[in-house]
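Report on the following structure.
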Amino acid sequence: DAGVTQSPTHLIKTRGQQVTLRCSPKSGHDTVSWYQQALGQGPQFIFQYYEEEERQRGNFPDRFSGHQFPNYSSELNVNALLLGDSALYLCASSLMYEQYFGPGTRLTVT
Amino acid sequence: AQKVTQAQTEISVVEKEDVTLDCVYETRDTTYYLFWYKQPPSGELVFLIRRNSFDEQNEISGRYSWNFQKSTSSFNFTITASQVVDSAVYFCALSDKDDKIIFGKGTRLHILP
């Protein structure tokens, strides 16, 4: 049984560009949450998707958007990248409060 | 507002010593969940434990133990007979019924050989 998978593993982008990160949840999980972890900090909640809708959102600007597909996989999109968006982006899938995290995508904005 | 405080930024102990990582939380919810995660240098968050707010029993899993005290809003984590492989960043976290997890800033644990 595959756990949560994320792609790509690493990504380098330039300021002002747009990026899309992908997440496939653990089998049977219907909820996907995204977190941003800046260097030396704890992960911060970005948003959560359930039944293809954004169910709740953390304190992140509209440049951060997402999508959930019928197969429960999800994408995180970030527009107009800033240097401060450089971080490890973690996806977590859950079913009834048991959250499992993927390995993350490390985004570097130059 | 929900908040998790891990006052210890960094701890270093010699192998085989016991070490306790402190965690204090704030929430107005009566139903909530507390977690501990381990993050090795590879970056992946490894789930260690989840406790719900109605279960104050302490738990032991091998060399790991957790002390949950609602009276002091604390959920401390102890590693007994530490090993070099325990070196990592440890996060205490809190979630409510909405399933959003609030993390502390983490404690970086160094186990010295």
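FYI, it's all coordinate maths here, none of it is from the lab. Just so you know, these numbers come straight off a predicted model, no measurement behind them. Using ideal geometry, Cβ is built from the backbone for each residue, glycine included, and neighbour counts are taken over all protein chains shown.
Hey, with R₀ at 30 Å, roughly what FRET efficiency would A:Leu95 and B:Ser71 work out to, going by the Cβ-Cβ distance, to 0.05? Computed FRET efficiency for A:Leu95 and B:Ser71: 0.40. Each residue of the stretch B:2-15 was assigned a 3J(HN,Hα) from its phi angle through the Karplus expression (A = 6.51, B = -1.76, C = 1.60, θ = phi - 60°), giving 8, 8, 10, 10, 10, 5, 8, 6, 8, 9, 10, 9, 7, 3 Hz with x at Gly and Pro. Calculated on C-alpha atoms, the gyration radius of the stretch B:19-103 divided by its Kirkwood radius gives an Rg/Rh of 0.96. Put in line by how crowded their Cβ is, counting other Cβ atoms within 10 Å and starting with the fewest, A:Val109, B:Val14 read B:Val14, A:Val109. Could you give the Stokes-Einstein D for the stretch A:5-103 in µm² per second, using the C-alpha Kirkwood radius, 4 °C, 1.567 mPa s? My calculation gives 96 µm²/s for D.
Taking other residues whose beta carbon is less than 15 angstrom from the beta carbon of A:Leu82, and scoring Lys, Arg as +1 and Asp, Glu as -1, yields +1. With 23 Å as the limit, the listed pairs B:Lys70/B:Lys100; A:Lys13/B:Lys38; A:Lys26/B:Lys100; A:Lys26/B:Lys70; B:Lys3/B:Lys100 have A:Lys13/B:Lys38; A:Lys26/B:Lys70 beyond it between alpha carbons.
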